[in-house]
Structure formats: structure tokens, C-alpha cells
1. Considering only the other residues whose Cβ falls under 9 Å of the Cβ of residue 153, what net charge follows from Lys and Arg at +1 and Asp and Glu at -1?
2. Report the percentage of all Cα-Cα pairs in the stretch 41-98 whose separation exceeds 12 Å, rounded to a whole percent.
3. Enumerate the calculated ³J(HN,Hα) couplings along the stretch 54-59 in order (Karplus 6.51 cos²θ - 1.76 cosθ + 1.60, θ = phi - 60°), each rounded to whole Hz, writing x wherever the residue is Gly or Pro.
4. Taking a point 7 angstrom from the Cα of residue 216 along the C-beta vector, which residues in the stretch 126-148 have backbone N less than 20 Å away?
5. Taking only Cα atoms, what is the 0 to 90° angle, nearest 10, from helix 163-174's long axis to the longest principal axis of the chain?
6. Take the stretch 179-327, compute every pairwise Cα distance, and split them into 10 Å bins from 0; I just need the percent in each bin.
7. Give me the angle, in degrees from 0 to 90, between the Cα long axis of helix 231-240 and the longest principal axis of the Cα atoms of the chain, rounded to the nearest 10.
8. For the pairs 240/303; 240/285; 154/240, note any where the Cα-Cα span goes beyond 32 Å.
Amino acid sequence: MLKKKFGLFAAVTLAGSVFLAGCGDDAATETEGEGGGGASDPEFLSILTGGTTGTYYPLGGAMATIVENETGLDTTAEVSQASAANMTALADGAAQIAFVQTDTAFYAAEGSNMFEGEKIDTVSAIGALYPETIQLVTTSNSGIASFDDLAGKKISVGAPGSGTYINAEQLLEIHGMTMEDIDAQNLDFGESQESLQSGQIDAAFITAGTPTGAVESLSATSDVVIVPVEQDKADALIEKYPYYANDVVPSGTYGLTEEVPTVSVLAMLVVQNELSEDLVYDITKAIYENTDQIQHAKAELIKAETALDGIGIDIHPGAQKYFDEAK
């Protein structure tokens with residue numbers, strides 16, 4: 001059995017140039033028939049995840065082990081800057097598989113929002129995984145209880161152009177606000193946690209599966225508050241942006257005494273189009289038939305029967321073949 005390895009891909013950018021320079025021709029090495037693939041398939045696979053304090057990273061590590069064990073291909077889970085950077089990195093050939101939000105994948109396929117004029121048509125879907133809950137996180141010390149309380153406050157909104165940034169922008173819009181109405185801070189999840197803990201910011205938008213590691217860490221030292229998205233605002237958001245869905249942060253999460261209404265998009269896996277049908281079939285089968293090996297609360301939500309829900313881009317033929325057989 002091959003051993004899973006975690007790589008470090010913290011320098012993934014929208015250009016993906018640093019990684020490409022480091023990999024040279026290795027990522028393009030061709031192999032015949034490994035893992036059920038074809039002549040153009042790589043000898044190893046990289047799965048781009050997100051930051052170490054999010055949900056993508058631990059899930060990606062478990063999936064790398066599963067894919068490696070089931071296909072025989074050396075598979076590595078890489079730290080990255082998450083959805084938007086992951087789509088660009090795959091398009092640039094810097095990796096083969098990535099976690100993204102369904103809304104971000106849709107923007108990339110359409111060439112809109114953060115991908116304006118940069119349409120990506122070389123990446124397709126493996127399948128949806130679980131809801132990515134939009135969490136507006138603060139602490140009891142902040143005095144923030146609603147979106148109206150955000151005006152003029154220091155709020156972390158994620159990196160410019162990131163999936164979290166767009167979610168924050170659209171939620172603010174539905175509440176009659178813009179980024180100009182707040183003191184926007186471009187922090188990742190780990191930085192948001194530390195800044196909330198130290199009182200340097202007042203709240204943070206975090207889009208990730210619950211429970212999210214960064215928020216759990218915050219709850220160990222502070223009373224966490226999740227600001228609710230009231231139903232009328234959720235309905236307005238979903239009507240304008242149909243890739244959102246109603247969601248809740250369950251009672252007991254982060255020490256909450258009752259569930260908090262909010263909204264979510266979906267986490268999904270995407271893959272380079274150029275990977276063969278046979279290889280992507282094997283990857284898809286490996287992941288969706290071995291979720292019992294994933295030690296994370298979100299694993300129970302990863303199911304073949306819901307894997308095509310909410311997908312706004314083309315499905316890779318190998319993944320489609322697996323889901324057709326799994327019906």
C-alpha cells in the first residue's frame with residue numbers, strides 16, 4: 001500500500017506560475033494504463049484543497065489516501081487558496097483535481113465575476129459533496145447580532161475574488177449594503193480566527209462545511225455568535241442567485257444553544273478535462289464508495305445519489321459513467 005503524502009501548495013495563485021515552475025515537465029509525464037487511465041494520464045495526482053483550518057484540507061487528505069489505495073496512483077493533497085485559485089490552477093495544468101464551490105465553478109465556466117474575460121472550459125465536474133455553509137462569525141463581545149450591525153465595523157470578507165468574498169458581497173447586497181459600508185479585511189480563515197480572538201476585527205464571513213476548524217478553535221476561547229440570515233433575506237438571495245440554498249448551523253455546533261438559519265452553496269470536486277474517462281471513473285468510484293474511511297462529519301453527506309445536485313458545469317464523462325451505473 002502506498003503512503004499518502006500532504007504537499008504544501010500555499011503559493012497557489014490565480015496565475016499558478018510558481019507551482020508550474022517547480023513542477024516542470026513532471027506533471028505532464030505520460031503513462032500507459034496506470035489506474036485504469038489512458039496514455040495521456042499523469043503518473044501522480046494532486047488534489048487542491050484550501051487552507052489548513054478549513055474543511056477542504058482534512059477531506060482532501062482522506063480522499064488522497066482513498067484514491068491512492070484504489071487506483072495505485074501516487075496522490076497528494078495540497079494546501080491552496082481554495083475555490084477561485086483552484087479553478088485557475090487546474091486550467092493552467094498545475095494539478096488534476098480540486099475542491100471548489102459550485103458558484104465559483106459556475107462563474108469560471110461562464111467567464112463572470114472573478115473570472116470576467118477569463119472563461120475556463122478545460123475543467124469539468126466529478127460531483128457535489130456537501131453544503132458549504134455561509135457563516136457570519138463573531139463573538140459575544142462584539143455586540144453584533146444582525147447584518148444591520150455591520151456598518152462601519154471591521155469585517156473579514158476573504159481574499160478579493162474568492163468564493164467567500166463573492167458570498168459576502170451578495171449577502172451584503174441583499175441586506176442593502178455594499179463593501180463600502182464596512183471596513184473590509186481580506187483575511188483567510190486562520191487569520192480571521194486569530195483576529196477575532198485578539199479583537200482586531202469584529203466579524204468574519206466564512207464559507208465552509210460545518211463544523212469549520214477555524215471557528216471551532218475560536219469557540220475554545222470565546223463565545224461564538226453566528227449572525228442569522230432571516231428567511232425573507234434568504235428567499236430574496238435564492239431568487240436572485242439560485243445556486244444558494246437554505247441551511248442552518250445546528251445547535252451544539254461551536255457551543256451554540258440553538259440552530260441558526262443561514263444559506264449555503266455546495267462543495268464539489270472538479271477535474272481536468274484531459275484526464276481519461278477510465279481514470280476519472282476510477283477516481284469517482286473510489287471516493288463515493290469509500291466515504292466510511294473519511295473521519296469527518298461531512299463524510300455522511302457525500303453520496304452518489306446526490307452528487308449531481310446543484311452542478312452548474314459539465315460533468316466529466318468518467319464521472320457520469322460511474323453515476324449512471326450507481327443509480
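The values are calculated or read from the model by the stated rules, or taken from the named source; none is laboratory data. The shown structure was predicted, so the numbers you read here are calculated from the model rather than taken from an experiment. Every residue, glycine among them, receives a Cβ derived from its backbone with ideal geometry; neighbour counts consider all protein chains shown. Ligands, DNA and RNA are excluded from the accessible area calculation, which covers all protein heavy atoms including side chains. Shrake-Rupley method; radii C 1.70, N 1.55, O 1.52, S 1.80 Å.
1. The answer is -2.
2. Of the Cα pairs, 61 percent sit more than 12 Å apart.
3. Once rounded to whole Hz, the list reads x, 8, 4, 4, x, 5.
4. Zone members listed by number: 129-139.
5. 40
6. Bins of 10 Å from zero give 9, 29, 32, 22, 8, 0 percent of pairs.
7. In the chain, helix 231-240 runs at an angle near 40 degrees to the longest axis.
8. In this structure, 240/285 exceed 32 Å between Cα atoms.
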